[in-house]
1. LYS340 to ALA95: FRET efficiency via 1/(1 + (r/R0)^6), r the Cβ-Cβ distance, R0 51 Å, to the nearest 0.05?
2. Whole-Hz Karplus ³J(HN,Hα) for the range 304-311, in order, using 6.51 cos²θ - 1.76 cosθ + 1.60 and θ = phi - 60°, x for Gly and Pro?
3. Quantify, in whole percent, the carbon and sulfur part of the accessible surface of the range 345-465 (1.4 Å probe; protein heavy atoms only).
4. Which length gain, in nm to one decimal place, applies between LYS157 and LYS524 when the Cα-Cα distance is subtracted from 0.36 nm times their residue separation?
5. Accessible area of ASP96, 1.4 Å probe, to the nearest 10 Å²?
6. Students often check this: by mean Cβ neighbours within 10 Å, which of 207-214, 175-182 ranks highest, and how do the rest follow?
7. Averaged per residue, what accessible surface does the range 95-169 expose to a 1.4 Å probe, in Å²?
8. Sorted by mean Cβ packing within 10 Å, highest first, what order do the peptides 290-298, 374-382, 31-39, 443-451 take?
Amino acid sequence: MMTLAKQLRCIFTAMMLVLPVLISGADDVRRTDFPDTFVFGSGSSAYQVEGAAFEDGRTASIWDTFAHAGEYGGATADVSCDAYHKYKEDVKLMADTGLEGYRVSISWSRLIPNGRGPVNPKGLQYYNNLINEIVSHGIQPHVTLCHSDLPQALEDKYGGWMSREIIDDFTAYADVCFKEFGDRVLHWTTLNEANVFALGGYDNGMTPPNHCSPPFGVRPCSMGNSSTEPYIAGHNLLLAHSAVVRLYRRKYKVSPLNIIMHERLLFTSVLKPQIFANSVYVPMQSTQHGSVGLNLFAFWSLPYTNQTADIIAAQRANDFYLGWFANPLIFGDYPDIMKKNAGSRLPKFTRQESKKVKGAIDFIALNHYMTVRVKDSSSSLENDIRDFSADAAFQFILTQGATPSGLAEYPRTEPGLQGVLEYFKQAYGNPPMYIHENGQMTPRNATLNDTTRVEYLQAYIGNLLDAVRNGSNVKGYFTWSFLDCFELLDAYGSGFGLYYVDLDDKELRRYPKLSAHWYSNFLKGKGSKHSAVYKIEDNKVLHSSQ
């Protein structure tokens, strides 16, 4: 039986060969087909693009430690795209491309090097400069607080996300970000891919902080318990997220309730000063108008056959992958099937915790790349020792084909954005949604004429439009990624970027791919069907993989 860890490895590395297809182009999708308030952008994360890993006071994150332990064959993001020094150049490229939004993350260990305590002035200056540059070009900053890069100092101090101490430290870090940047940032995401972070970090060990236990790990792990730790980490992620949302709403967000409460306090402090004899009235700080959400990785899961067992398994996949976090945030508790299958290994919410978690969400963001088939494997529930995979009791089944070039790519014939957005509409009451990541993987040093990426984006944006027209409450779409960068699973082996970065050039020059031209044309009002009927002169020699 293939474990979920092995299934994830197959899917995430995605060395898939797909059949050549032509995008039907029945509808020539245009930017104007979407609401004016809808935002189109692209994204990155701090560790993957910034570089300057140990400059100006930044300390190591768990991702630095993971890379420096040799998990990528010696590759690290110590320099990567050097966005720390080249951010002005990159923001100009964004503006020239026509991006309406840019998704970026803050390096916690650059802003607060010890994870708690003093703020690093150089880190604060960098993020102020970056946000100012983005805003000055008319681009919306969408900011993620933690993108898999917990400060190593907190991992060493108390085990990071395995300890409830993380809740207070994460909330204090978020408080600094809201205070310092919230006058310009309206879109906050607490955690990136909370579900995959818990699984990769604490079940199969394939991502930082590399916890697992036999027989479940896909990499050697020096510590961990795959049967319990993913659930504990996930629980703490939810509690930390909800604490940050409550902080923002209470302290920073302008709302009629906040205004009424502060006016009452002020009125009481004046008329009945004895009530405040031993305290000082604090004026209202709620001057921001933003929203705070959580990001999840989302396949669109379809049953492998029309057999009842596979249909139930596909629903179970949604409950375990999406409901794990969405159910508590919408309904206040985990899905029943998770509680049944994981039993006492799944932490329980106290009544007070359930109240705090329920409703602690302004939007849900998804990272979506492909549709998968789900096959029942309920026999795994008979195992004496189980991890998340065995509890979920299903297998992912992948269909493989071949491209003329033989390149490894995601399928582009069965886009699943409409399906997964419709699922959230039906199962969770149609909450506000963002697509934070969607893009095509190709070998990093292949060609600037990335026609398959163009076809992929065209298919998925068309599918997204279908979802919008069908009433899904989706607010924005971001390609992954703006630049070819350091990737979580294979460092510099694959590329998702609209722009190629020449790592062998000391200037790390950026080169637009065909997809950058296509996306730019789309954003500037040209139809998706006709704006890609050309190729760029690929006279840049792409070097071998780093």
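The values are calculated or read from the model by the stated rules, or taken from the named source; none is laboratory data. Since this is a predicted model, take the numbers as computed values, not measurements. All Cβ positions, glycine included, derive from the backbone under ideal geometry; neighbour counts span all protein chains shown. The area values use the complete protein model at the heavy-atom level, side chains included, leaving out ligands, DNA and RNA. Shrake-Rupley method; radii C 1.70, N 1.55, O 1.52, S 1.80 Å.
1. 0.50
2. Computed from phi, the couplings for the range 304-311 are 5, 9, 8, 5, 4, 4, 6, 5 Hz.
3. Carbon plus sulfur share of accessible area: 47 percent.
4. Between LYS157 and LYS524, full extension yields an extra 127.2 nm.
5. 80 Å²
6. Numbers: 207-214: 22.8, 175-182: 18.8.
In decreasing order of mean packing, 207-214, 175-182 become 207-214, 175-182.
7. Working: 2490 Å² over 75 residues.
Averaged over the residues of the range 95-169, the accessible area is 33 Å².
8. Sorting 290-298, 374-382, 31-39, 443-451 by mean packing, highest first, produces 290-298, 443-451, 374-382, 31-39.
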